[in-house]
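J.: Would you mind keeping the following structure in view while I ask a few things?
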Amino acid sequence: METLVTGKTILIVEDEQDIVELITYNLEREGFRIDSAGTGEDGLKTAKANSPDLILLDLMLPGMNGLDVCRVLKADDATCHIPVIILTARDEDVDMVTGLEVGADDYVTKPFSPRVLIARVRAMLRRHEATREVGSPIHVGEVTIDPGRHRVIAGGKSIEFTFTEFKLLVKLARHPGWVFSRSQLIDELRDDQYVIADRAIDVQVANLRKKLGEYGHYIQTVRGVGYRMQEIP
Ligand code: CA
């Protein structure tokens, strides 16, 4: 039995009322507080006003769709650090990849079992806490990563990363020159019991490089193996 996480608020953005009720019932039983919004616009407003600890975001919403909602959340300083788990239809691989590209931190495919969803939520919150607590700043060339403050300065400019991107960056930057396989990076991002596609790691790395801009090449691809942070003398 895991320790009860109490006092954490989860925002559910979903238009299908039966799914909202299912999630609410199960998460409340686990000690979470639940907020819900039936449209993307309402979800954005609620996220800004209440700053929840995590957002469960359906992609198929009336009006503004989930991908656009995610984009806005991740582009806003007030909400970009909130972990987002997207809910996608089964086997919609494209949705999953697009979701990660716009900054979602994880995904769950519908239909899901409440047990799986709760485990994912817990795992995400645990990792989020762990990232906040640890470590002194890491310097790689022109890039400074401050794990305690969840802040990255590259060439004097502050860059916003999602929780998942940040976690990957810290992992690579702590050991410059070391090559990490995709499965090692996946382990870093997710508890062992879950399967995450190699492709998802590639998408996250592509996001990292893009955001790092002229320093994106610090993250090197090692063909057939994985990725490493360049050693900069
Ligand atoms: Ca929906």
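J.: Of the residues in the range 70-101, how many are within 16 Å of the ligand (Cβ to nearest atom) and either in a loop (DSSP other than H, G, I, E, B) or on the phi > 0 side of the Ramachandran plot (or both)?
T.: The total comes to 2.
J.: Applying the selection to the range 41-69, what residues are within 10 Å of the ligand (Cβ to nearest atom) and part of a helix (DSSP H, G or I)?
T.: If the condition is that a residue be within 10 Å of the ligand (Cβ to nearest atom) and part of a helix (DSSP H, G or I), then Gly66 is the only one that fits.
J.: Follow-up question, since we're still on this one. What pairs can you find where one residue is in the range 7-19 and within 17 Å of Val72 (Cβ to Cβ) and more than 16 Å from the ligand (Cβ to nearest atom), the other is at pLDDT below 95 and among the hydrophobic types (A, V, I, L, M, F, W, C), and their Cβ atoms are less than 8 Å apart, with a gap of 6+ or different chains?
T.: That search, which allows pairs on different chains as well, returns nothing.
J.: Based on this model, can you work out whether Ala104 counts as crowded, with 17+ Cβ neighbours inside 10 Å, more than 15 Å from the ligand (Cβ to nearest atom) and touching a residue at least 24 places away in the same chain (Cβ under 8 Å)?
T.: yes
J.: How many residues does the range 198-223 contain that are exposed (fewer than 15 other Cβ atoms within 10 Å of the Cβ) and modelled with pLDDT under 90?
T.: Summing the residues that are exposed (fewer than 15 other Cβ atoms within 10 Å of the Cβ) and modelled with pLDDT under 90 in the range 198-223 gives 2.
The values are calculated or read from the model by the stated rules, or taken from the named source; none is laboratory data. The shown structure was predicted, so the numbers you read here are calculated from the model rather than taken from an experiment. Glycine also receives a Cβ, built like all others from the backbone with ideal geometry; neighbour counts cover every protein chain displayed.
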